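Reading through the structure tokens given below for one structure.
The values are calculated or read from the model by the stated rules, or taken from the named source; none is laboratory data. If you're wondering where the values come from, they're calculated on a predicted model, not measured in any experiment. Cβ: placed from backbone, ideal geometry, glycine included. Neighbour counts: every protein chain shown. In case anyone asks, the SASA skips ligands and DNA or RNA and just uses the protein heavy atoms, side chains included. Shrake-Rupley method; radii C 1.70, N 1.55, O 1.52, S 1.80 Å.
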Amino acid sequence: MEEPKVELDDLEVNQERLKQNTNQLKNLRVYGSLNAGIIAGILGMDGWIGIVIYIAIFLIVSACLAIKMNFKVKEYFRSSYDAYYSGIGTDLLLFLMIWVIFHNLVNIL
């Protein structure tokens, strides 16, 4: 049985692999947000410094991803936006929740 393929800018893209790459990217972003929230909460970061921690972790994850793909994003994702910026809003909310929980557990209680 042949796998479904779609043509995208003269490249044949395997839909199954594209979906797998997207799911792995989503998991990577979630783990990065969780770790950033835990780090910011345990270290007692307040205000904008905590957001800077999230942005730093997000940029580090994006840079590692680009290096791992040899900067050939189109071979793994539909667009560079999908690879570098997708999920920034939902991951920010997850980060904020974990940050508040760990900040309260470690520094307040």
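What to note about this one:
- Neighbours by Cβ (under 8 Å, 6+ apart or cross-chain): first from segment 88-109, within 16 Å of Ala56 (Cα to Cα); second open to solvent by less than 80 Å² (accessible area, probe 1.4 Å) and outside any helix (DSSP H, G or I): Trp99/Met45
- Within segment 13-55, considering residues that are in contact (Cβ under 8 Å) with a residue 12 or more places away in the chain and among the small types (Gly, Ala, Ser), the one farthest from Phe95 (Cα to Cα): Gly44
- Listed here are the helices (runs of 4 or more DSSP H) enclosed by segment 30-109 that have at least 1 residues being small (Gly, Ala, Ser) and surrounded by 12 or more Cβ atoms within 10 Å (Cβ to Cβ): 48-68, 80-84.
- Which listed residue is of a type outside the set (Gly, Ala, Ser) and touching a Gly at 6+ places or on another chain (Cβ under 8 Å), from Val100, Val73: Val100
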